[in-house]
Every structure is written in C-alpha cells, then in structure tokens.
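Participant: One structure coming up, written as structure tokens, with questions to follow.
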Amino acid sequence: MNKLVGITRNFSSSATQNAIKTVTVIGGGLMGSGIAQVAAQAGQNVVLIDAYPEQLEKAQKSIQGNLTRVAKKQYKDDTGKIESFVKESFGRIQMSTKVEDGVKSDLIVEAIVEKLDVKQELFNKLDQLAPAHTILATNTSSISINEIGAGIKRKDRYGGLHFFNPVPVMRLLEVIKGDHISEETYQAMMAWGKSVGKTCITCKDTPGFVVNRLLGPYSAEALRMYERGDASKEDIDIGMKLGAGYPMGPFELADYTGLDTNKFALQVMYEKTGNPVFKPIPLLDRMVAEGKLGIKSGEGFYKYNKK
Ligand code: 3HC
C-alpha cells in the first residue's frame, strides 16, 4: 500500500495553543476509519494505525467511498470538486501498521477491539511513547474509561470520545469524563469534537454513557418481545420506524451495529448495574454462537448480500 510507509510529516506540538490539530486513530475498523475520515474532512492531519495491512486496505476503500458520498452531497454534479475534495481529504491521512508512527499527534483516539486487557496494554504503551502534551482518548462504547486508563500516568490528559455508527453521518459525540481529567483537556476534547462537525454532550464514566444506556433496554425489550412471539421482528421494526420516527427498527439496528457488539454492551451493563433489563437474552446468545452477527456476517435477524 503506497501510504503505508514513510511518515515524514512534521508534527508540531500545539501544547502552547491547546488546540488539537493532529490526530492519530488506532484501529482501522468501521469506527476507526470513520473517525479518521471526519478529522481529515475537517482539514486535520491524521495517522490511521492498524496492525493488519489488509484492514488498512479495507479502511482505505471505505474512507474513499464515504468521502465520495459526502462530496456528492456537497458538490452535487460538479465532478471536479468532488474529485479534489476526496483527493485532498484522503491525502491528509497517513496509514501505518506501527503504533510508533502515530505517537506524536496532539490527540490519539483508540478504536480497537472491546477487550479491557488489550486496551490497557495499548494505553500503557502510548503513555510511555507519546509526548507530554498528547491527549489520549478511547472510543469504547461499554468498558469503563477509568479502568482502561488505570495504568497510565497522564490521567489528566485522558478521556472518552464515543462516536456513533456511521461516524460520518451521526452528528453526536459523547465526551466522557474520567475521574482525573483536567478542565483544559475536557475543553480541548469538546472543541475538537466541534471542529470535526459533531455536537458534543458530556457524561460521567457510567455504564453505557448516555445513548447506549438508553438504547440497551430498548433493544433488549424488543428482543424479548420477539422471543415471546408477541409480534414479528418485521412488525416491531415497522412499528418503531413509523410510530416513533426512528430511522431503523431495533432488529435492523442490531444487525447494523452487530449482534456481538449488542450482546457485549448488554453484558457489561448488566455486570455493572445489576439491572435485570440488561440480563442475557437466550435468543441473542444463540444467534451470536451461530455466527449470525448481522450485516458484517451476511446474516443476523435479516439476510444480506455479503460484500
Ligand atoms: N458515510 C457517509 N455518508 C453516509 C454513510 C457513510 N458511512 N452512510 C450513509 N450515508 C449517507 C448517504 O449517502 C445518504 O445521504 P443522502 O441523504 O444525501 O442521500 C444518507 O446518509 C442516508 O443514507 P442511505 O440513503 O444509504 O440510507 P438511510 O436513509 O437508510 O440511512 C442511516 C442510513 C444513516 C444508517 C440511518 O438508517 C440511521 O441513521 N440509522 C440509525 C443509526 C444509529 O442509530 N446509529 C447508532 C448506533 S449505536 C452506536 O453506534 C454506538 C456504538 O457504541 C455501537
């Protein structure tokens, strides 16, 4: 991959200005590539890191495709402008398989697998390698950010930045305050969120934060309703779209975000809160065990053409 090597860009420290201008995203999956895209679109220099070159190849294709969708919306049929928007935005993204290539940025956002020990190990490494001014953030959706950052020294320059899928479209960013975040870091994170086009809300380090804490019971109750045979999944989906104005019904959304992600989020919220609404749902457990994970596996509650 042509962009994989030779990162020579000069990352000037913005410690004196407190503004985040350079960003590293670790994890080239759906969320990580979306975060890299919105930062690049906003004119920021980005390093996107993933240990697997094939994941970076996929990220490259998805970012270019999604930048084109954004550009088409903005520039309609002006192909020249569309092409230069995509080229310029994508040109701001460097890709690498080595974490060391991204440690000098003003902000590092982690968007890797939802496993506490793996995230802790990464943050401990970043804490050692990154310059003093660098802010570290996790995009975790369900794990406690205080637990993830337990081993780092710069707890004042650490917090949560929780994006929503699809990142280029969803307008919200949850800025999560860890127990030791400084006001300066919090303000810098809020300002950065705004600079990448998001409306920021703030939440303490509580299970599920704001949105997933509310989406969890909604999703769980929909699954139980279907499991009991009260209504078909199709009718429940139609009900919530036409009766509540949601863009997707709960089963379409579960397929979209991934049933494994859904299961993990419910499990963490149950462990942390003990609220029976988050109790394991046999239907969900069974489907995940069978590999029916939603769009990404080709089948969840509905069937999809695998890309
Ligand atoms: N990048 C850029 N643009 C995109 C895009 C992407 N990845 N996906 C869709 N779009 C654009 C399309 O180009 C289209 O633009 P247009 O209106 O100008 O034509 C617009 O978004 C709508 O897309 P589509 O026509 O393809 O499809 P829909 O109208 O069905 O919208 C949707 C798709 C935006 C995904 C909508 O169904 C939706 O908002 N669904 C709910 C998503 C949601 O709830 N997300 C949160 C999940 S929870 C979460 O993420 C938390 C985490 O912790 C798991």
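Participant: Tell me the GluC sites (Glu not before Pro) within region 114-215 that lie in a loop according to DSSP and have at most 12 other beta-carbon atoms within 10 Å.
Facilitator: none
Participant: How large is the helix-only mean residue ellipticity at 222 nm for the chain, computed as the sum of -39500 (n - 2.57) over DSSP H runs with n ≥ 4, divided by its residue count, in deg cm²/dmol to the nearest 500?
Facilitator: Numbers: 11 runs with 140 residues, N = 307.
Calculated mean residue ellipticity at 222 nm is -14500 deg cm²/dmol.
Participant: Give the lysines reachable from Lys279 as a straight Cα distance under 21 Å; neighbours fewer than 8 places away on the same chain don't count.
Facilitator: Lys115, Lys233, Lys263, Lys292
Participant: So for the chain, Kirkwood radius off the Cα pairs, Stokes-Einstein at 37 °C and 0.692 mPa s: how many µm² s⁻¹?
Facilitator: Stokes-Einstein gives a translational diffusion coefficient of 162 µm²/s.
Participant: Given just the C-alpha atoms of region 50-116, how large is their convex hull per residue in cubic angstrom?
Facilitator: 117 Å³
Participant: Still on this structure, please answer the following. State the dimensionless ratio Rg/Rh of region 97-228 (Rg: radius of gyration of Cα atoms; Rh: Kirkwood radius).
Facilitator: Rounded to two decimals, Rg/Rh equals 1.00.
Participant: Here's another thing I want to ask about it. Quick check: at a probe of 1.4 Å, how many percent of the accessible area of the chain sits on carbon and sulfur atoms?
Facilitator: Carbon plus sulfur share of accessible area: 53 percent.
Participant: Out of Asn212, Pro250, Ala111, whose Cα points farthest toward the positive end of the dipole of the chain (charges: +1 Lys, Arg; -1 Asp, Glu; placed on Cβ)?
Facilitator: The one lying farthest along the dipole's positive direction is Ala111.
Participant: When the convex hull of the C-alpha atoms of region 213-265 is computed, what volume per residue in Å³ does it have?
Facilitator: In region 213-265, the Cα hull volume divided by residue count equals 72 Å³.
Participant: Distance between Cα centroids, region 211-240 to region 107-180: provide it in whole Å.
Facilitator: If we compute the Cα centre of each part, the gap is 31 Å.
Participant: I would also like to ask the following. With a sphere of radius 12 Å drawn around the Cβ of Leu67, what net charge do the other residues whose Cβ falls strictly inside it have (Lys, Arg +1; Asp, Glu -1)?
Facilitator: Result for the neighbourhood of Leu67: +4.
Participant: In region 129-165, which trypsin sites (Lys or Arg not before Pro) are in a loop and have at most 16 other Cβ atoms within 10 Å, using DSSP for the loop call?
Facilitator: Hits after loop and neighbour filter: Lys153.
Participant: Give, rounded to the nearest 20 debye, the magnitude of the charge dipole that the chain has about its Cα centre when Lys and Arg contribute +1 at Cβ and Asp and Glu contribute -1 at Cβ.
Facilitator: The calculated dipole for the chain is roughly 640 debye.
Participant: Rounded to the nearest whole Å², what accessible area per residue is found for the chain with the 1.4 Å probe?
Facilitator: 49 Å²
Participant: Right, something else. Do me a favour and compute the ellipsoid semi-axes for region 200-301 from its Cα gyration tensor, root of five times each eigenvalue, largest one first, whole Å.
Facilitator: That gives 21, 17, 14 Å for the three semi-axes.
Participant: Magnitude of the Cβ-charge dipole of region 29-173, K/R +1 and D/E -1, about the Cα centre, nearest 20 debye?
Facilitator: That gives region 29-173 a dipole magnitude of about 380 debye.
Participant: Quick check: net charge around Glu83, other residues with Cβ under 13 Å of its Cβ, Lys/Arg +1 and Asp/Glu -1?
Facilitator: Here the count lands on 0.
The values are calculated or read from the model by the stated rules, or taken from the named source; none is laboratory data. The shown structure was predicted, so the numbers you read here are calculated from the model rather than taken from an experiment. Here Cβ is always computed from backbone atoms with ideal geometry, including for glycine, and neighbour counts include all displayed protein chains. Note: areas computed on protein heavy atoms with side chains; ligands, DNA, RNA excluded. Shrake-Rupley method; radii C 1.70, N 1.55, O 1.52, S 1.80 Å.
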